[in-house]
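The values are calculated or read from the model by the stated rules, or taken from the named source; none is laboratory data. Quantities reported herein were computed from a predicted structural model and do not represent experimental measurements. Counting neighbours? That spans all protein chains shown, and the Cβs are built from the backbone with ideal geometry, glycine included.
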Amino acid sequence: MLPIYLIIQIYILNEILFASYINPYIYLIILIIMPYKIPKWFLLFYAFIIGFLIDLFSGTLGIHSSACLILVLLKSPISKITIPHNIIEETDELVMQKIGAKSFILFSFILVLIHHTILFILEHVALDFQILLKIIASTIITTIIISITQLFFFKS
Amino acid sequence: MQNLLRFIRMYNFLIIFLLLEGYSINLYLKHNSFQNNIILSNTNKYTGKVYQISNNITQYFKLQTINNQLLNENSKLYNRISNNEIKDRDDEKKFNYISSKIINNSIFKRNNYLTISKGEKHGIKEGMGVICENGVIGVVHSTSNNYSLIISILNKKSAISICLKKQNNYGSLKWSGFNYKIANIENIPNHVKTVIGDTIITNGYSTIFPAGINIGTIKSFKENSETGNKDIIIDLFTDFNQVKYVYVVKSEESIEQLNLESLIHE
């Protein structure tokens, strides 16, 4: 699945800037659905490499990789808050059909918000109303796109 | 030892995170020039104050050498007056000079910057040239209210257009790193005659420096048949380790020249 999301991100979504504010990043789904069982050190390296690849293709070295690393750092505390206990096995992927639509959307929204906040602040080196608007609008759109991709795998 | 290992095992997640995050931030700062510029000029505002304080103390120990430099310069100026060198010539660009003190200086890095104790308030703007009594120092990179950051010629980014005093051939000055006393000259073709000891000066084409400021003397040269240009190494007149006071070159007519020249690109 990894190459598909990266290709979609690099060739399609990176070229798009909806309404000059919204810049969705679908590749985050790879990191969000990682099961609990994957060792954390592996997750960190994985996040770094994915961020680095995206950075290479968008010419912004270091921005995506640092945002992805912070996403991974905060992933397990946030999953404890948003996902009900005992609902999934350790090896299960955190997909919508396993953990339920409501908690999946909340879980991914918080993670995407964290990622986008760091990403856009690093990109613009500023924090004003326009950038806040960009963060929030992009977060909502990315969450919607991630949820839609989850629907494709609902029945299979 | 056992404690250390236990510590690493307990916090391996955090340690790996910090290492990778540090590396990412390092990449971020190195490769994104737009963000880098904003951060540099912001930190300049605060670090300038700190350097000013430490400089107020250390300058007492260097008073002797500073006095000597000023005496030398005075005598040079007297000479120029007596030789009637200073004339108001209509066909030459007019330059004004703002004197300032260096409060921070580096010479051993690959990219060196200086901080001086005058800024926007005193009329300094980005892109102005900076010289000292011996030669060229660099170009203003960014300014805050009271301080300015200068890219010295000991920097990968700096390229100053120069000419040979005898032959009038134009080239550009680059610094290859490592030694702050020497620099390289590029774009002088092989057929141009050069002699060891020839003086290199600024040419008057740019709006940054006045013509004829001394830069250095040729130390060695070698013909390079691949590029068709000579590899020239020069000794810089400016001793970046000693310099204390600089003059920022301010040309009132430069904006007029730049505006006129920008018509070509439109």
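Below is a table of values for the structure above.
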quantity: In segment A:53-72, the residues that are part of a helix (DSSP H, G or I), free of Cβ contacts under 8 Å to residues at least 24 places away in the same chain and within 8 Å of chain B (Cβ to nearest Cβ); calculated: A:55, A:65
quantity: Subset of segment A:115-132 (residues that are of a type outside the set (Phe, Trp, Tyr) and more than 14 Å from every other protein chain (Cβ to nearest Cβ)); calculated: A:116, A:117, A:130, A:132
quantity: Residue within segment A:76-93 that is within 14 Å of another protein chain (Cβ to nearest Cβ), without any contact (Cβ under 8 Å) to a residue 12 or more places away in the chain, surrounded by fewer than 19 Cβ atoms within 10 Å (Cβ to Cβ) and in a helix (DSSP H, G or I) present; calculated: yes
quantity: Verdict on residue B:20 being facing chain A (nearest Cβ under 9 Å), touching a Gly at 6+ places or on another chain (Cβ under 7 Å), in a helix (DSSP H, G or I) and at negative phi; calculated: no
quantity: Residue check for residue B:51: at pLDDT 80 or above and surrounded by 15 or more Cβ atoms within 10 Å (Cβ to Cβ); calculated: yes
quantity: Complete set of residues in segment A:101-129 that are touching a helix residue (DSSP H, G or I) at 6+ places or on another chain (Cβ under 9 Å) and more than 20 Å from residue A:52 (Cα to Cα); calculated: A:101, A:103, A:104, A:105, A:106, A:107, A:108, A:109, A:110, A:126, A:127
quantity: Matching option when the condition is on the phi < 0 side of the Ramachandran plot, within 11 Å of the chain's Cα centre (by Cα), away from chain B (no Cβ under 14 Å) and not in a loop (DSSP other than H, G, I, E, B), among A:30, A:26; calculated: A:30
quantity: Any chance residue B:8 is within 14 Å of chain A (Cβ to nearest Cβ), in contact with a Leu (Cβ under 8 Å, 6 or more places away or on another chain) and among the β-branched types (Val, Ile, Thr); calculated: no
quantity: Top-ranked residue of segment A:97-142 - restricted to ones that are charged (D, E, K, R) and assigned to a helix (DSSP H, G or I), ranked as nearest to residue A:67 (Cα to Cα); calculated: A:123
quantity: Strands (runs of 3 or more DSSP E) lying entirely in segment B:155-221 (those with 2 or more residues that are polar (S, T, N, Q) and in the same structural domain as residue B:233 (by TED's automatic domain parsing)); calculated: B:199-202
